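Chemist: This structure is in structure tokens; I'll ask about it shortly.
The values are calculated or read from the model by the stated rules, or taken from the named source; none is laboratory data. Source: prediction; values computed, not measured. Because the Cβ atoms are built from the backbone with ideal geometry, glycine has one as well, and the counts that use them run over all protein chains shown. Accessible surface is based on the protein model in full, side chains and every heavy atom, while ligands, DNA and RNA are left aside. Shrake-Rupley method; radii C 1.70, N 1.55, O 1.52, S 1.80 Å.
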Amino acid sequence: MTTFRDRSDVFAELGTKLSIAEIFETLVDGEVPIRFSAHDGSSTGPKDSTFGLEILNPRGINYIATAPGDLGMARAYIAGDMTADGIHPGDPYEILRAMGDLKFRRPSALALVTIARSLGWDALKPIAPPPQETVPRWRRIAMEGLRHSKTRDAESIHHHYDVSNTFYEYVLGPSMTYTCACYEDEGKTLEQAQENKYRLVFDKLNLKAGDRLLDIGCGWGGMVRYAAKRGVRVIGATLSAEQAEWGQKKVVEEGLSDLAEVRHSDYRDVRESNFDALSSIGLTEHIGVQNYPAYFGFIKSKLRDGGLFLNHTITRPDNTRTTRAGDFIDRYVFPDGELIGSGRIISDIQNTGLEVVHEENLRPHYALTLAEWCKNLVANWDACVEEVGEGTAKVWGLYMAGSRLGFERNVVQLHQVLGMKLGPNETWDVPLRPWWNA
């Protein structure tokens, strides 16, 4: 049977023009799962759908037609050229779930002719994306150097983390912790779960008063302050100037200056060594998979013999997929971010000469964490929009809700790997069985 997707080629030969809804259908692989309408009065998808997308103007369809997929849809939505009905922009989780596995496909040459004839050729000329979007990967090389050079890493971190400390306070809550929490049960609050995460890392590292800890990619210093309050001497390093300023101010306010420091620094520039423990909570995503050997080699060089390290990172569910993030995540959220499965991470740890002591997957915990962050964004929406603008606030709602769905569907996972630097006699320097409460 001939479908609308097939008929676009036939229409091209006949000189037929398509409505915007028909154009949308030619770009979608399969049925449109929710209601879709446009400013020309056309519509498609189930009329009784709880959720809907509406293209408001020609620029919106230009974004979608010139970049079919998540990038084009994001551009139209973030720029305000497409609205999403039935959800709050701070938490579009339900509409994303309803859209299911919606996939776009590249139209044939004939279909492109039909689309261009229907919209007018000028309507398909490339236009500037929303200001929240960073440049594509290939342009970053010319502007910032090769991927994961110190200069380019600093710019990537700046794009993601230096949005506004005030904005992050609204979204993350009092803990200012932008990593997966650890829930004892679903009844715990976000703050209780974040405190429990720091407790878990602290206990896994077998830390005690007087020990020395290096926390790389320390964010706003949550782990730094948690450990210092228990008598541990801590250096935290972050590439984000705003994080370092906020975190060091908190260290001073809480009377921890004799034990703790939040340093604005590339972790590779930390000169101190012989630490009893090292924590990396949410940094590995920014390292680059090909740089894992050097990264774990750095960790090894900073530990004393018998020292422990904990690597906490988002992973893929297997080790065979592309490591690069999708276009939306790469352009709007994590420029140059890369993910791989926990197997590759463990292999590179072992190949560096470090011993893996324990690992666990906290995937459902991150889905719960993201749901709470979205609740915070919804509750503080007006203040967040005033702080960073509606477009940026939309980016975060879309990103966090989509990520929640990804963790629920096992598209991504969260793994903690505990390891040890063996001494010259390869002595097992920790208890025979796990010494922490899960």
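Chemist: Filter region 191-207 for residues that are of a type outside the set (A, V, I, L, M, F, W, C), open to solvent by less than 10 Å² (accessible area, probe 1.4 Å) and under 22 Å from the mean Cα position of the chain (by Cα); which is farthest from A371 (Cα to Cα)?
Modeler: The initial filter retains those residues of region 191-207 that are of a type outside the set (A, V, I, L, M, F, W, C), namely 191-192, 194-199, 203-204, 206.
Retained after the next criterion (residues that are open to solvent by less than 10 Å² (accessible area, probe 1.4 Å)): 194, 197, 204.
So of that shortlist, the ones also under 22 Å from the mean Cα position of the chain (by Cα) come out as 194, 197.
Working: Q194: 14, K197: 17 Å.
Across region 191-207, the extreme among qualifying residues is K197.
Chemist: What residue, among those in region 239-272 that are of a type in the set (G, A, S) and surrounded by 12 or more Cβ atoms within 10 Å (Cβ to Cβ), is farthest from K421 (Cα to Cα)?
Modeler: Looking at residues that are of a type in the set (G, A, S) and surrounded by 12 or more Cβ atoms within 10 Å (Cβ to Cβ), I get A241.
Chemist: If I go through region 216-238 residue by residue, how many of them are within 16 Å of Y198 (Cα to Cα), of a type in the set (A, V, I, L, M, F, W, C), assigned to a strand (DSSP E or B) and open to solvent by less than 10 Å² (accessible area, probe 1.4 Å)? Working first, answer last.
Modeler: Taking region 216-238 first, the residues within 16 Å of Y198 (Cα to Cα) are 216-236.
Among the residues that remain, those that are also of a type in the set (A, V, I, L, M, F, W, C) are: 216, 218, 220, 223-224, 227-228, 232, 234-235.
Subsequent filtering for residues that are assigned to a strand (DSSP E or B) retains 216, 234-235.
Those still in the list that are open to solvent by less than 10 Å² (accessible area, probe 1.4 Å) too: 216, 234.
The total comes to 2.
Chemist: Return yes when I95 is open to solvent by less than 30 Å² (accessible area, probe 1.4 Å) and in contact with a Pro (Cβ under 6 Å, 6 or more places away or on another chain) and no when it is not.
Modeler: Numbers: open to solvent by less than 30 Å² (accessible area, probe 1.4 Å): yes; in contact with a Pro (Cβ under 6 Å, 6 or more places away or on another chain): no.
No; evaluated as a whole, the condition is false for this residue.
Chemist: While we're on this one: Say we look at region 120-134 and pick out the residues that are open to solvent by 50 Å² or more (accessible area, probe 1.4 Å) and not in a loop (DSSP other than H, G, I, E, B); which of these is modelled with the highest pLDDT? Spell out how you get there, then give the answer.
Modeler: Filtering region 120-134 down to residues open to solvent by 50 Å² or more (accessible area, probe 1.4 Å) leaves 121-122, 125-129, 131.
From what is left, the residues that are not in a loop (DSSP other than H, G, I, E, B) are 121-122.
On the way: W121: 83, D122: 80.
Step by step, filter region 120-134, then rank; the result is W121.
Chemist: Can you tell me which residues in region 293-326 are within 15 Å of K421 (Cβ to Cβ) and among the β-branched types (V, I, T)? If you could, list the steps in order and put the result at the bottom.
Modeler: As a first pass, look at region 293-326 and keep what is within 15 Å of K421 (Cβ to Cβ): 295-311.
The answer is I299, and nothing else.
Chemist: Of the conditions (1) open to solvent by less than 10 Å² (accessible area, probe 1.4 Å); (2) closer than 27 Å to G337 by Cα; (3) in a strand (DSSP E or B), G307 satisfies every one except a single condition; which number is it?
Modeler: (2)
Chemist: Mind listing just one residue for me: the one in region 310-325 that is modelled with pLDDT under 90 and open to solvent by 40 Å² or more (accessible area, probe 1.4 Å) and, of those, nearest to M400 (Cα to Cα)?
Modeler: Here is the first cut: in region 310-325, the residues modelled with pLDDT under 90 are 321-325.
Of the ones still in play, those that are also open to solvent by 40 Å² or more (accessible area, probe 1.4 Å) are 321-322, 324.
Values: R321: 22, T322: 21, R324: 18 Å.
Once the filter is applied, the top-ranked residue is R324.
Chemist: Any residue in region 363-383 that's in contact (Cβ under 8 Å) with a residue 40 or more places away in the chain and under 16 Å from E191 (Cβ atoms): show its pairings with residues that are open to solvent by 50 Å² or more (accessible area, probe 1.4 Å) and not in a helix (DSSP H, G or I) at Cβ separation under 7 Å, as long as the two are six or more apart or on different chains.
Modeler: L368/E186
Chemist: If I ask for residues that are of a type outside the set (V, I, T), closer than 14 Å to T83 by Cβ and open to solvent by less than 30 Å² (accessible area, probe 1.4 Å), which ones from region 15-36 would you list? If you could, list the steps in order and put the result at the bottom.
Modeler: Filtering region 15-36 for residues of a type outside the set (V, I, T) gives 15, 17-19, 21-22, 24-25, 27, 29-31, 33, 35-36.
Filter again for closer than 14 Å to T83 by Cβ, leaving 35-36.
Of everything in region 15-36, just one residue is of a type outside the set (V, I, T), closer than 14 Å to T83 by Cβ and open to solvent by less than 30 Å² (accessible area, probe 1.4 Å), namely F36.
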